Amino acid sequence: MTTGDLDVAISDVARRYLKLHLTGEVGPIRLRKLINHFGSLDAVLSASMGELQRVAGIGPRIAESIFRSRSDDSVDREMERAATCGVRIICFEDDDYPRSLRNIPDPPICLYVRGRIEPTDCVAIAIVGTRRCSHYGREQAIRFGQMLGGAGLTVISGLARGIDSHAHRGALQGGGRTIAVLGNGLASIYPPEHQPLAEEVIAAGAVISEFPIDSQPVPENFPRRNRIITGLSLGVLVIEAGKRSGALITARLAAEYNREAFALPGRVDRPELTAGVHGMIRDGQAKLVTCLEDVLDELGQVGEIMGREVQTSVAPGETESAGAVPAMPKLTAHEQAVLNAVVDDAEDADAIASKTGLDPGRVMSTLTSLQLKGLIRQLPGHRFVHRTSDKNEHSAR
């Protein structure tokens with residue numbers, strides 16, 4: 001393994017973050033506390049044992065672990081192992097670290113990636129649910145995966161048995177992108193029978209994890225995995241979940257992370273599969289959805305933050321200004337042309353295609369993008385209208 005090979009797998013700054021990540025003692029919250037105290041990552045890595053112990057919550061054992069990390073060769077071993085497995089390691093400061101994760105309360109320090117994370121993956125919906133799903137649940141996971149993926153959204157899930165795997169398959173069948181978040185290291189795929197599916201996901205998106213490369217899928221890993229699924233998404237759709245399903249944890253994080261929560265109603269005579277879903281709908285914790293338009297319209301209600309190019313990001317140890325108002329989304333030439341047509345009262349896709357000269361497929365994908373950006377909404381009968389707003393600064397003329 002040459003130095004050049006290692007550089008492909010990890011950046012210099014990610015290598016420094018990895019030192020702390022591999023200690024097992026420093027998580028996202030503790031990292032923020034350390035950087036706030038010392039002022040920079042490099043200052044943390046050069047601090048003495050005594051200086052480290054003066055940080056609240058850092059006792060002798062943790063201080064020693066951090067202190068020893070600077071001379072430990074575990075980073076080189078991890079980098080070699082990752083490169084052998086075709087895995088890149090990225091950190092919070094790398095350009096391809098998902099922007100949507102940066103502003104959750106506990107963003108992963110490092111992410112292990114097989115495949116590619118694209119800027120468009122910020123427009124994503126998570127689909128989660130029970131591992132022992134019914135035939136109905138399987139059909140609906142595939143259906144929503146196909147619809148969301150075909151509409152240009154990235155489908156996020158956990159590659160688990162049941163709903164997760166069918167959601168990935170649906171996205172692939174719809175020609176869309178999909179990302180699988182694992183609760184183990186990427187040296188292996190869990191469950192092992194999903195290895196072929198994982199390879200398809202990698203070709204059309206990515207398989208990612210925050211766990212060191214050879215970590216096993218132990219139960220305590222999965223709540224941490226679930227927060228990444230939620231953090232990557234604009235919203236979480238639950239399809240079949242009992243009262244104690246881990247999918248409910250993923251969905252309930254949506255409120256904490258300022259994401260939407262959606263739930264598909266199921267059969268009332270199968271409470272072991274649907275009691276959790278129905279409870280979320282009953283208690284107002286999730287919005288009932290039955291079709292793609294339900295999801296897109298709800299995202300459109302908060303669409304001023306959807307599908308846009310993020311202009312700023314928050315560094316570790318910093319906090320986002322509560323009063324910050326994000327810029328309006330930028331439009332492509334196709335989006336502007338379709339928006340102009342909608343404002344000119346071309347309400348259906350055929351009329352819009354005629355007015356713009358775009359082919360029907362391009363019109364439909366552009367209409368989806370404009371819905372996600374909160375600029376249009378769909379009415380019954382597949383008609384589209386401009387979503388008027390005092391905040392809308394786009395000229396349609």
Tell me the mean residue ellipticity at 222 nm calculated for the chain from its helices only (DSSP H runs of n ≥ 4, each -39500 (n - 2.57), averaged over every residue, nearest 500). -13000 deg cm²/dmol
If we sort 51-61, 17-27, 238-248 on the protection proxy, mean other Cβ atoms within 10 Å, highest first, what's the order? 238-248, 17-27, 51-61
Compare the Cα positions of Pro196, Gly137, Met147 along the charge dipole of the chain (+1 at Cβ of Lys, Arg; -1 at Cβ of Asp, Glu; about the Cα centre) and return the one farthest towards the positive end. Gly137
Which residue fluctuates most in the GNM of the chain (Cα springs below 10 Å): Leu153, Leu379, Leu45? Leu379
Would you mind telling me which residue in Gly266, Gly170, Gly205 has the biggest mean-square fluctuation in a Gaussian network model of the chain, where springs connect alpha carbons within a distance under 10 angstrom? Gly266
By the mean-Cβ-within-10 Å protection proxy, highest first, 69-76, 367-374 rank as 367-374, 69-76
Cα shape, segment 333-386, gyration tensor, a/c 1.5 rule: rounded
If unit charges are put on Cβ atoms (+1 for Lys and Arg, -1 for Asp and Glu) and the dipole of the chain is taken about its Cα centre, the option from Leu111, Leu339, Thr366 lying farthest towards the positive end turns out to be Leu111
With springs only between Cα atoms under 10 Å apart, run a GNM on the chain and tell me which of Pro219, Pro28, Pro271 wobbles the most. Pro219
Per-residue Cβ neighbour rank within 10 angstrom, fewest leading, Phe67, Phe211: Phe67, Phe211
Full extension from Ser188 to Ser354: what is 0.36 nm times the residue separation minus their Cα-Cα distance, to one decimal in nm? 54.7 nm
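Laboratory data are not the source of any read-out in this text; all were calculated from the coordinates shown. Since we're looking at a predicted model, the values are computed, not measured. Neighbour counts run over all protein chains shown; Cβ positions are idealised from the backbone, glycine included.
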